[in-house]
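To start, the structure under review is shown below, and the notes come after it.
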Amino acid sequence: MSACWPSLGSSSTSADSPRLPGRCTGERCCQSIIPPTLNFYVPRMFNFENGTVDAELRGSTTPCRYKRKLFEQNGGVILQQQMHSGGGARGFKIFSAEELTKATNNFTADRVLGRGGHGVIYKGVLEDDMVVAIKKSRMMEEAQTKEFAREMFILSQINHRNVVKLLGCCLEVEVPMLVYEFVSNGTLYHYIHGKEPKADIALDTRLRIAAESAEALSYMNSSASPPILHGDLTDKSDVYSFGVVVLELLTMKKALYLDGPEEDRSLVSCFTTAVKAGRHQELLDSQVRNEMNDEMLTEIAHLLMRCLSMSGEERPTMKEVAERLEMLRRYQQYPWAEAGGNPEESQSLLGIEQQDLERCAMNFLDR
């Protein structure tokens, strides 16, 4: 059944004419309210009997008009203008709600890839058999909605080997949905905290994950134009969050343990206390302890303490973090190479003394 106003065989356009079943005619129907520039927007068929349309729409406005309103509200027109004026974003598409509903089999539970505080990620299969990840958020602030189109255009142009590609979005819903490329290996969280966490992760693998992630964040913080910040925060807030993730990666412990004693619930707090006492090695995963020497342990602990500083001004930039992690990775692979084969010089290459680390921990705990 169509939600549009069908032609009644006359040129009358009175709003008092009844809404009758039928196909769009282009006269007093959904087509008549869509600007010519939106040539990708097509009328949708709805069945009022099976409850597929929000109750607020019944008797108040047509579903097509309601979708049009949502499309504009979510910045659809602005996004299309940016795509045309900016030369377009390669491969970026504006999806219809029906396309994503079909791709996820009506967002069934068996398609859920993950859940978070802001929404749910579903596995979807598009009509061309391309597998994607669809983020369906729970809510969005009005201020975020106004900036959504601009941010989507910026994100659509990101092309980095360590950043998941944004393929498109859906704007004709109350909360916009995002479509990303599908990453078959899952998330880092499931890799280290899942039901079957990966055992015996080599130190080099952990450092590679950390270094490449930092490099990607550094690119988004500084090289992208304009800079892209995680969660609309500052670049130094990104550094703190990243420090927590690296700490989880090296300890295989969650950032928060709500079921434990109050003093042990925060991984960051446990780590800084352990650093002060010179016992931070005990928090590390056994595989890391077996592969990491004392000099490298001191260096990475100092880097983490700087990232986790309560003062944003004292935190390093993400670029500095990326460079330091890559240096540590090279040192771990070839411990004497950068020092010209001299073990004494390699020690000065890292250059962080235990006393400096303890002093850093004291400053952290005194705040």
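Only the coordinates and a few stated rules stand behind these numbers; no lab work does. Remember, it's a predicted structure, so these values are computed and weren't measured experimentally. Note that we place each Cβ from the backbone using ideal geometry, even for glycine, and neighbour counts take in every protein chain shown.
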With respect to the cross-link table entries Lys136/Lys236; Lys254/Lys276; Lys135/Lys319; Lys93/Lys123; Lys253/Lys319, which display a Cα-Cα separation exceeding 19 Å? Lys136/Lys236; Lys254/Lys276; Lys135/Lys319; Lys253/Lys319
For Asn162 and Arg265 in the same chain, what is the full-extension length gain: residue separation times 0.36 nm, less their Cα-Cα distance, in nm? 34.0 nm
Enumerate the amide H contacts of Phe182 below 5 Å, restricted to partners 5 or more residues apart or on another chain; note that Pro and chain-start residues carry no placed amide H. Ala133
Ser266, Ser184 arranged by Cβ crowding within 10 Å, fewest neighbours leading: Ser184, Ser266
Could you put Lys198, Lys102, Lys319 in order, starting from the residue whose Cβ has the fewest other Cβ atoms within 10 Å? Lys198, Lys102, Lys319
Ser266's amide H: which non-local residues (gap 5+, or another chain) put their own amide H closer than 5 Å, with H modeled 1.01 Å from N in plane and none for Pro or chain starts? Tyr257
Under Karplus coefficients 6.51, -1.76 and 1.60, residue-wise ³J(HN,Hα) of segment 239-253 in Hz, glycine/proline x: 4, 4, 4, 5, x, 5, 5, 5, 4, 4, 5, 7, 9, 6, 10
From the phi angles alone, apply the Karplus equation (6.51, -1.76, 1.60; θ = phi - 60°) to segment 201-214 and give each ³J(HN,Hα) in whole Hz, x where the residue is Gly or Pro. 7, 4, 4, 4, 5, 5, 5, 5, 4, 5, 5, 5, 5, 5
Got a sec to turn the phi values of segment 284-289 into Karplus ³J(HN,Hα) couplings, 6.51 cos²θ - 1.76 cosθ + 1.60 with θ = phi - 60°, whole Hz, x for Gly and Pro? 6, 4, 4, 5, 5, 4
